[in-house]
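See below for the structure under consideration.
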Amino acid sequence: MPLTELKAKIQHAGEEAWYKGNVDALDEAYAAGYISHAPPFPDRNGLEVVKQYVATTRLAYSDIQATYTDWIAEGDLIAYRYTMRMKHTGVSPSLPIPPTGKEVTLEGCVVVRVENGKVIEEWEYSDYLGYLQQLGVVPPLG
């Protein structure tokens, strides 16, 4: 499958899930046995686990918007950068802090492995330190 098609599938599924809460759209681009590695969080094994993570994380944020840039592909791997902007208006099980009302930005890079036209494994490297500093959970360095 050409990069342009995979890119469109991944981006559409992500936008449907994160913007609208339509986590079943992830089925279009991700395999049932999909594994997500996103340090410092534990691995998420299986698409149903990832759907639950997205659904519960969305409880903590409103006005979610994302941009996806710099797509690169080689063999069965695709890498891209993303920037996600959102407003912290609730509580998430993965980050159980009271809502701050702050608008925050999370930037990162994702590497995915594709098999038979679907993502089967993903490695996310994001600036969670900067994100936590924006929320006021971690003081600025220096």
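List of remarks:
- Given +1 at the Cβ of Lys and Arg, -1 at the Cβ of Asp and Glu and no other charges, the dipole of segment 58-142 around its Cα centre is 420 debye to the nearest 20.
- Once the Cα-Cα distance is subtracted from the 0.36 nm per residue extended length, the Thr4 to Lys87 segment shows a gain of 26.8 nm.
- Paramagnetic reach from Ile97 (point 7 Å along Cα→Cβ, amide N under 15 Å) across segment 18-61: 40, 60-61
- Lys20, Lys51 arranged by Cβ crowding within 10 Å, fewest neighbours leading: Lys20, Lys51
- Extended-chain gain in nm, criterion 0.36 nm per residue less alpha-carbon gap, Val54 and Trp123: 23.2 nm
- Cα-centre dipole for the chain with unit charges at Cβ (Lys and Arg positive, Asp and Glu negative), debye to 20: 460 debye
- Nearest-ten-degree value, helix 47-58 long axis tilted from longest Cα axis of the chain: 30 degrees
- Crossing angle, helix 3-20 versus the chain [Cα axis fit, 0-90 degrees, rounded to tens]: 40 degrees
- Global form of the chain, assessed from the alpha-carbon gyration tensor, a/c cut-off 1.5: prolate
- Farthest towards the positive end of the charge dipole of segment 3-135, among the residues Ala25, Met84, Pro39, is the Cα of Met84, using unit charges on the Cβ of Lys, Arg, Asp and Glu.
- The lysine pair tally for the chain, using Cα distances under 14 Å and a gap of 8 or more places or different chains, is 4.
Readers should treat all values here as calculations from the given coordinates under stated rules, not as data from a laboratory. Keep in mind that what you see is a predicted model, and the values were worked out from it rather than measured. Using ideal geometry, Cβ is built from the backbone for each residue, glycine included, and neighbour counts are taken over all protein chains shown.
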